[in-house]
Every structure is written in C-alpha cells, then in structure tokens.
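Below you'll find the structure, written out as structure tokens, and then a few comments.
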Amino acid sequence: MKEAIEKILAELGELKASTLKEVEEARIRFLGKKGEITALFEEFRSCPPEMKREFGARLNELKKAATEKIETLKASAGESPAAAGPAEDLTMPGDDAPLGSRHPVSIVRQQIVDIFRKYGYGVAEGPEIEDDWHVFEALNFPPNHPAREMQDTFFVSNGHLNPLLLRTHTSSVQVRTMETQDLPIRVICPGRVFRNEAISARAHCIFHQVEGLYIDKGVTFADLKQAILLFAREMFGPETEIRMRPSYFPFTEPSSEVDVSCNICHGKGCNICKGTGWLEIMGCGMVDPNVLRASGIDPDVYSGFAFGMGVERIAMLKWQVNDLRHYFENDLRFLGEFATATEV
Ligand code: PHE
C-alpha cells in the first residue's frame, strides 16, 4: 500500500490537463467511484489495525492532495480560451458594415472624362496654385484687362510681374499642354478651381471643371458643334438638342455659351429651365490666334476649339439638384442617394 500511495502522489505531481474535459477524466481516474484512490480506501478497510494506524493519515493526505490538484487544474483550464471552445461563434451572420459610395461630383467628372476619352481625348492635369502667366497672360488677358475682374481671383502672392494665385479655371492646364505637347492636341483637363465668390445655391468658391482643347490643321466651328452635340447626347440622353448663344471670353474668338434642351420638360418649359426649355451647360469657342501664338503655335497653320464646363453644374442638371451647396456639405443622407448611380 505504501508504494501505491507514493506512486499516485508522484503521478499527481506530474499531472497536467489543459481542458475541463481532461480534468474531469483525471478526477474520475483518481477519485471516481472506481478510481485509484477510492480503491485504496476499499483496501484500507480490510487492513489489520497496525497497518491502519500507519496508512490512515497518509491516505487522507493523498486524497486531499488529489482533490486540491484537481481544483487547481480545473481553475486554470477554465481560464484558457482553448478550454472554453472558440471565443466567437464563427457561423453567426456578420455585422453590417456601412458601405461608402462615390461622391456625385466624382461620378459625373468620370462620366465626362469617359465620354471624351472615347473620342480620343487624353487627360491632362496641372497645379492648383498657378502663376499669372498660365491663368491669364497666355490666355490673352493683358494686365488690367477688365475680363480679369470676371474671374474673382484668390492671390497667393502679389507685387511682382507673375504673381501666384489659385487657378480660376483649368484653361491653365491647356496652356501647359500647348507649351509642352506636340501637335495635334486633343485633351481634356479636369480639376478643382477657386473663385472669390459669395457661396449661394448657384455659386461656390471651390468647384470643379472639365475643360477641353482640340488643335489641329483645319479645325472649324462645325467640329466644335459636333463634339459638343455628341457629348450632350451621351450625358443627357439621345434626344438632347443644343443651342449656341454668342458670348465673350478673352481666349476664344468667336465665343459661345451652350444650352441643352431641358431634360425635365423636353423643351416645353418648367421651373428647372425657368420656362425657357433650355439649360446652360458650358462656354466654348475657337481658340484666339493670340493664345496660339503665346504658346508658340502658328495660327496661320493651326486652328482649334476649346470648351469648359462646371462639373457641379452638370451634376445638378443631371440629377435635378437645385442647390450647389449640397455637394459640399457631406450630408450622408444626400450622398447615399448616389450609391447606385451608374457610370457610362
Ligand atoms: N475658362 C472658361 C471659364 O472658366 C470656360 C471656357 C473654356 C470658355 C474654354 C471657353 C472656352 O469660365
């Protein structure tokens, strides 16, 4: 019996269990009804009295040691994550993660770019902080020309010949393209522009433009009209008509503003088109010979057209949004409306 007690004590010392199931198995093995220690107690009952004296206390110690060991193992096994099973039920359906959507201005900008890309226009970008030369001078705005007033410029530095300013249109990128690229040129210039205007439903001090430029031998006003008609029909629908009204820009001659037939009332007159049946979408014209000359292009050999539109304006017309400020307030209820807007 002595050896049996020592053996079990040694085994208890070595005993390890990492799960509750293993602890329970150990308990049954030593202390269960048919357990090893229980069996020793059975044996003890039929021992002669002198042996009882010798082993009684020892057996009780063994039982106590075994019980304590099982308790400690149980406590530490209960704490280990493996014992408790996987922490989460991986078969549960996941939480909904709110999905963002593209901003309506980005969607329309991309649509405009995609339409012109299809007709072979490349995309050019340039700096938002520009110099006077690229925004004004090279575009036939001489110093003190009254047309500079129309542009409500934010100046970054002043007082020298070519001050830095926030570009008021992306025509500056067209100048950079004419200065650096070989002819012919067919390019569109999307980008952010800045004007010192009071913020209202129709105007903002930051907005987006896509301007376009096409220069080659023998480009005429008829080419300009065709390019814009194709664009208008892709953007606003195949029934769309365009109308051109004479206008003025220093960098184009002749210049024109373009209206599209109202896509709400189809020309009958409604409150979106203010009863006229037409909506203004862009400015355009034939590139002024002075502009070509300023960029080193011979106006006797080459001619070209240019156009420029506000992306927010196109987006307002496309989705009948009547206040430009919605596009800048980041109200998720508004932005979420465009989650399913399709791209061309
Ligand atoms: N740059 C003009 C503007 O910002 C738009 C325009 C571009 C007009 C090209 C004619 C030709 O208002």
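The values are calculated or read from the model by the stated rules, or taken from the named source; none is laboratory data. Here the structure is a predicted model, which means the values were calculated and not measured. Cβ sites come from the backbone with ideal geometry, for glycine too, and all protein chains shown count toward neighbours. Only protein heavy atoms, including side chains, enter the accessible area calculation; ligands, DNA and RNA are left aside. Shrake-Rupley method; radii C 1.70, N 1.55, O 1.52, S 1.80 Å.
May I ask you to compute the full-extension gain from R245 to R45, defined as 0.36 nm times their residue separation minus their alpha-carbon distance, rounded to one decimal in nm?
Between R245 and R45, full extension yields an extra 60.2 nm.
Here the simple spin-label model places points 7 Å from the Cα toward Cβ, and for L161 and N144 these points are separated by 1.8 nm. Here segment 132-177 yields Rg over Rh of 0.92, to two decimals, using C-alpha coordinates and the Kirkwood radius. Cα centroid separation, segment 83-149 to segment 269-321: 20 Å.
Projecting the Cα atoms of F55, T340, F236 onto the charge dipole of the chain, computed from C-beta unit charges around the Cα centre, puts F55 farthest toward the positive end. For segment 59-165, the pair-distance distribution built from all alpha carbon pairs, in bins 5 Å wide starting at 0, is 2, 8, 9, 8, 6, 8, 7, 5, 4, 3, 4, 4, 5, 5, 5, 4, 4, 3, 3, 2, 1, 1, 0 percent.
For the chain, the solvent-accessible area of protein heavy atoms averages 56 Å² per residue (probe radius 1.4 Å; ligands and nucleic acids excluded). For the residues T91, T220, T38, a 1.4 Å probe over the protein chains yields an accessible-area ranking, largest first, of T91, T220, T38.
Extent of the chain along its three principal axes (Cα atoms, max minus min coordinate, largest first): 131, 52, 38 Å. By the rule of a C-alpha distance below 19 Å, with chain neighbours fewer than 8 residues away ignored, the lysines paired with K268 are K318.
What size of dipole, in debye to the nearest 20, comes out for segment 150-209 about its Cα centre when the only charges are +1 on Lys and Arg C-beta atoms and -1 on Asp and Glu C-beta atoms?
Its charge dipole is roughly 160 debye.
Kindly express, to the nearest 10 degrees and within the range 0 to 90, the angle between helix 104-118's C-alpha long axis and the longest C-alpha principal axis of the chain. Value to nearest ten degrees: 60.
Taking 2.2 N^0.38 Å as the expected size of a compact globular protein, what ratio does the Cα radius of gyration of segment 177-218 give against it, to two decimals? Can you show the working numbers first?
On the way: Rg = 14.9 Å, N = 42, 2.2 N^0.38 = 9.1 Å.
Normalised Cα radius of gyration, segment 177-218: 1.63.
Across segment 297-329, the residues whose backbone nitrogen lies under 17 Å from the label position 7 Å along the beta-carbon direction of S101 are 315-322, 326-329.
Among F155, F334, the order of accessible area from largest down is F155, F334, computed with a 1.4 Å probe on protein heavy atoms.
For the pair T276 and E6, the difference between a 0.36 nm per residue extended length and the Cα-Cα distance amounts to 86.5 nm.
Which sequence of Y302, Y327 reflects their accessible areas, 1.4 Å probe, from the largest down? Kindly include the intermediate steps, with their values, before the conclusion.
Numbers: Y302 50, Y327 5 Å².
Of Y302, Y327, the descending order of accessible area is Y302, Y327.
Using the structure shown, list the pairs from K21/K69; K2/K74; K2/K63; K2/K52 with a Cα-Cα distance above 21 Å, or answer none. Beyond 21 Å: K2/K74. Scanning the chain for cysteines with no neighbouring cysteine C-beta under 4.7 angstrom from their C-beta gives C47, C189, C205, C284.
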